Amino acid sequence: MLAGIRDAGVLPETAARALLAAAYDRLRATVRTPLPPVLARWADELGAPDGDTPLVGTGRHADRYEALLWSGARHPADPFVVTALLTAAPGTDAVTAGRALAAGEAVATAVAATVPAGPARPDPAVLGCAVVAAWVGGAPRPGPGDDRFAGLLDVAASLMLLDTGVPGRPAPRVAALRAGHPAAAGWLATRCVRAGVTGMPDAVRRTVAVVTGAPPRDPRPVADVDELVAGIA
């Protein structure tokens, strides 16, 4: 997981800008569509004159956590770009934001690849959003051997939603809350870390094992046949 973060740190500037631009265009396409009634009513409840974060596409603002929850529900296809745009420190450049997106996506994808079938499944998007929020929020960039992001993931792991796989249709507001959770919880994880909260060491792996009833799969790609032979020698 940390390798994906470090790789994003060296993503070429052109690629980082292109990644952000594509994600931004998809977000803009979403906010041009009619607002679902459940989100319209929710926006009426959340909008506040002193809010510091936009409810995307409405012209309204709310407190950051609520705005992230709502905006993530407005654009559930990509919580990472919502997190990047709404939690970035003033003056954050497009290259940094694009690299943050790459890092968040890499972490979420890497964790998802390790989750075995089980009675429930944790949503690793929270982990990716936590990385994005830390990256654009002014946190130091991780380097080789850096454990700062490992500690962040330990905290974020406790905020992952679980999908039990039970058939059913949740109430519209419940579905919206679940859709917006990754962006809001990812940012909350960074706030917890800054406040001195620490998570259980290796919490991601432990959480996956408890939730699914089986240890996580090894996400490492196989290099060649020699590596396969070495694994059974």
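The values are calculated or read from the model by the stated rules, or taken from the named source; none is laboratory data. Remember, predicted model here, so these are calculated numbers, not experimental data. Every residue, glycine among them, receives a Cβ derived from its backbone with ideal geometry; neighbour counts consider all protein chains shown. Accessible surface is based on the protein model in full, side chains and every heavy atom, while ligands, DNA and RNA are left aside. Shrake-Rupley method; radii C 1.70, N 1.55, O 1.52, S 1.80 Å.
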Number of the condition not met by residue 161 [criteria: (1) touching a Lys or Arg at 6+ places or on another chain (Cβ under 7 Å); (2) crowded, with 19+ Cβ neighbours inside 10 Å]: (2)
Selection from the stretch 92-113 of residues that are acidic (Asp, Glu) and either touching a helix residue (DSSP H, G or I) at 6+ places or on another chain (Cβ under 7 Å) or assigned to a helix (DSSP H, G or I) (or both): 105
Any helices (runs of 4 or more DSSP H) falling wholly within the stretch 1-64 and containing at least 1 residues that are farther than 23 Å from residue 126 by Cα and modelled with pLDDT of 95 or more: 13-31, 37-46
Qualifying residue in the stretch 167-187 (condition: of a type in the set (Lys, Arg) and at pLDDT 90 or above): yes
Options 189, 150: the member that is within 23 Å of residue 83 (Cα to Cα), touching a helix residue (DSSP H, G or I) at 6+ places or on another chain (Cβ under 6 Å) and either open to solvent by 60 Å² or more (accessible area, probe 1.4 Å) or touching a residue at least 40 places away in the same chain (Cβ under 8 Å) (or both): 189
Cross-chain or 6+ apart pairs with Cβ under 9 Å, the stretch 104-128 first and touching a residue at least 60 places away in the same chain (Cβ under 8 Å), then basic (Lys, Arg) and open to solvent by 20 Å² or more (accessible area, probe 1.4 Å): 113/217; 114/205; 114/217; 115/121; 115/217; 116/217
Set 106, 100, 113, 67: member being open to solvent by less than 30 Å² (accessible area, probe 1.4 Å) and more than 23 Å from residue 50 (Cβ to Cβ): 100
